[in-house]
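First the structure, in the form of structure tokens, and then the observations on it.
The values are calculated or read from the model by the stated rules, or taken from the named source; none is laboratory data. The shown structure was predicted, so the numbers you read here are calculated from the model rather than taken from an experiment. When we count neighbours, we look across all protein chains shown, and the Cβ atoms used for this are built from the backbone with ideal geometry, even at glycine.
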Amino acid sequence: MTNNAAPKSALADTFARFSRQPVFYPLIGFLLVFIIMTVVSDSFLTYNNLSNIGRQVSINAIIAVGMTFAILTGGIDLGVGSVMALSGTIMAGLMVSGIPMPVAIILGLLLGTFLGGLNGFMIAYGKMPAFIVTLAMMTIARGLALIYTGGYPIAGLDNAFSFFGRGNVLGIETPIVITILVYAIAYVVLTRTPFGRHVYATGGNYEASRLSGIKVSKILFLVYAISGFTSALAGLIISSRLMSGQPNAGVAFELDAIAAVVLGGAAMNGGKGTIIGTLMGALLLGVLNNGLNLIGINPYVQNVIKGIIILIAIYVGSEKKKARS
């Protein structure tokens, strides 16, 4: 009898420890939505549909990586969608003008990183609120994209460019491969490097981190540069997928990215969250959007449903915080 009880006790302890992990509730939420959509729609659990979900999720998931870094420091980046659009249109415009594709891609990625770094500079060294700075960048970058393109998509791109949005690597969709690589790098950075620890510390207690010797201004600058880079990388994928530079791409994408991070268990006041949780949040949103479309739910109703789910996630997070305190 004792021998039987021991394994059960060990299993219960393991489950209890896992249930306290930040990724537990996002994972359960994702699995529940996945199971529900599998039951209610015959078209959901098919290779073509799952591949489609992967392509759709990849863009928001990559943007959400940069948003995770920003939110972990207690900040926010509202300019991600506009930076994505500007970087994508610049890449397309340069290629159409005769610039070699690799050079155009690098310049587009550098532009996104620069704009993110500019946000970080004003936030870290100018002591300006992240909300205001990135809100301004949202307007500026979108305006520059519309000025550069005249408000029209830039088409006529080389077929080789489609690899990043429509191609595959060893049978896996290229956007999915890029997303996996980005998350693997972000996971290592946040969990295995001093920079990652400093990101968490800065969000947990800014003043204490500064007094302990952490260069918090440098951390904030780099965090927003990372957010700009991931936005530009998403711009590469969406431009490749559409085979055009779209100045109106990415409208309200910042809301989906924030939702993914919040659903992933991150605290909006910083210091708490995981990159795996963000991935679960992005997958949950992607599966939910896809499933609701398959069963014919009105898009306006979908927004209401997503909003309710986000509120529930925030409520669960606040209740867990109260229980620990």
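Got a sec? Which helices (runs of 4 or more DSSP H) wholly within region 54-173 have at least 1 residues that are modelled with pLDDT of 95 or more and crowded, with 24+ Cβ neighbours inside 10 Å? Give the steps one after another, and end with the answer.
Numbers: elements: 80-96, 101-124, 130-149, 163-166.
Hits in region 54-173: 80-96, 101-124, 130-149.
What residue, of LEU31, LEU50, LEU45, is modelled with pLDDT under 90, more than 21 Å from ARG166 (Cβ to Cβ) and out of contact with any helix residue (DSSP H, G or I) (no Cβ under 8 Å at 6 or more places or on another chain)?
On the way: LEU50 fails: more than 21 Å from ARG166 (Cβ to Cβ); LEU45 fails: out of contact with any helix residue (DSSP H, G or I) (no Cβ under 8 Å at 6 or more places or on another chain).
Among LEU31, LEU50, LEU45, only LEU31 is modelled with pLDDT under 90, more than 21 Å from ARG166 (Cβ to Cβ) and out of contact with any helix residue (DSSP H, G or I) (no Cβ under 8 Å at 6 or more places or on another chain).
Only one residue in GLY250, GLY277, GLY265, GLY270 is within 13 Å of the chain's Cα centre (by Cα), on the phi > 0 side of the Ramachandran plot and at pLDDT below 95, so which one is that?
On the way: GLY277 fails: on the phi > 0 side of the Ramachandran plot; GLY265 fails: within 13 Å of the chain's Cα centre (by Cα); GLY270 fails: within 13 Å of the chain's Cα centre (by Cα).
GLY250 is the lone residue from the list that is within 13 Å of the chain's Cα centre (by Cα), on the phi > 0 side of the Ramachandran plot and at pLDDT below 95.
Determine which member of the set VAL177, VAL103, VAL182, VAL133 is free of Cβ contacts under 8 Å to residues at least 40 places away in the same chain and under 19 Å from the mean Cα position of the chain (by Cα).
Values: VAL103 fails: under 19 Å from the mean Cα position of the chain (by Cα); VAL182 fails: free of Cβ contacts under 8 Å to residues at least 40 places away in the same chain; VAL133 fails: under 19 Å from the mean Cα position of the chain (by Cα).
Only one candidate passes the filter, namely VAL177.
Could you please let me know if SER209 is touching an Asp or Glu at 6+ places or on another chain (Cβ under 6 Å) and part of a helix (DSSP H, G or I)? Steps first, please.
Numbers: touching an Asp or Glu at 6+ places or on another chain (Cβ under 6 Å): no; part of a helix (DSSP H, G or I): yes.
So SER209 does not fit the description; no.
Between SER227, SER239, SER244, SER231, which is over 20 Å from PRO129 (Cβ atoms), touching a residue at least 12 places away in the same chain (Cβ under 8 Å), surrounded by 23 or more Cβ atoms within 10 Å (Cβ to Cβ) and small (Gly, Ala, Ser)?
Numbers: SER227 fails: over 20 Å from PRO129 (Cβ atoms); SER244 fails: surrounded by 23 or more Cβ atoms within 10 Å (Cβ to Cβ); SER231 fails: over 20 Å from PRO129 (Cβ atoms).
Every option except SER239 fails the conditions.
When region 136-174 is examined, which residues are found to be among the β-branched types (Val, Ile, Thr) and more than 25 Å from the chain's Cα centre (by Cα)? Give the derivation first.
Initial filter on region 136-174 (among the β-branched types (Val, Ile, Thr)): 139-140, 147, 149, 154, 169, 172, 174.
Passing the criteria: ILE147, THR149, ILE154.
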